[in-house]
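Here's the structure we're looking at; comments come further down.
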Amino acid sequence: MATNKALVEEMVSHMSGAGDVRFRAMFGEWGVYCDDKFVAIIGDDQLFVKPSAADGAYAGDCQSVPPYPGANEYWLVPKTKWQDSEWLGSFIQDTAAALPLPKKKK
């Protein structure tokens, strides 16, 4: 089930305090980037945040599950946290800060 773009735009708007947050279509769902780092997947009307060293402060509110069959586990953010802009923005910002910059293409 593909996620509606309007829902993606709404979720990303709640992440705006994290920095330069953008999204793009990927494999029928959506990838979320913060400061040019891939930080989350929005798929099947759910938000999955990439695991990182920043997990400790947020893991208690989330469940570790794969976003699609065969994938590594991500943090599934409960719907009750989607509109908590302060919490969600901090989670995305801290995740981006803990992840390395993407490797430059040759």
Would you mind getting the accessible area per residue of the chain, heavy atoms of the protein chains only, 1.4 Å probe, in Å²? 59 Å²
Which length gain, in nm to one decimal place, applies between Asp45 and Asp84 when the Cα-Cα distance is subtracted from 0.36 nm times their residue separation? 12.4 nm
Radius 14 Å from Cβ of Ser13, net charge of other residues (Lys, Arg +1; Asp, Glu -1): -3
Reviewing [x] 120; [y] 104; [z] 88, the figure for volume of the Cα convex hull per residue in Å³ actually calculated from this model sits under [y]
Taking θ as phi - 60°, what are the ³J(HN,Hα) couplings along the stretch 67-73 by the Karplus curve (6.51, -1.76, 1.60), each to the nearest whole Hz, with x for Gly and Pro? x, 7, x, x, 8, 5, 6
How much of the accessible area of the chain, in percent, comes from carbon and sulfur atoms when a 1.4 Å probe is used? 53 percent
Among the stretch 79-106, those whose backbone N falls under 14 Å of a label point 7 Å along Cα→Cβ from Ala53 are 94-101
Tell me the mean residue ellipticity at 222 nm calculated for the chain from its helices only (DSSP H runs of n ≥ 4, each -39500 (n - 2.57), averaged over every residue, nearest 500). -6500 deg cm²/dmol
For Phe38 and Ser64, extending 7 Å from Cα along the Cα-Cβ vector and measuring point to point gives, in nm, a value of 2.0 nm
How large is the charge dipole for the chain, taken about the Cα centre, if only the Cβ atoms of Lys, Arg (+1) and Asp, Glu (-1) carry charge, to the nearest 20 debye? 600 debye
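The values are calculated or read from the model by the stated rules, or taken from the named source; none is laboratory data. Quick caveat, the model's predicted, so the values are computed rather than measured. FYI the Cβ positions are ideal-geometry reconstructions off the backbone, even for glycines, and counts take in every protein chain you see. Note: accessible area is taken over every heavy atom of the protein model, side chains too, but ligands, DNA and RNA are not part of it. Shrake-Rupley method; radii C 1.70, N 1.55, O 1.52, S 1.80 Å.
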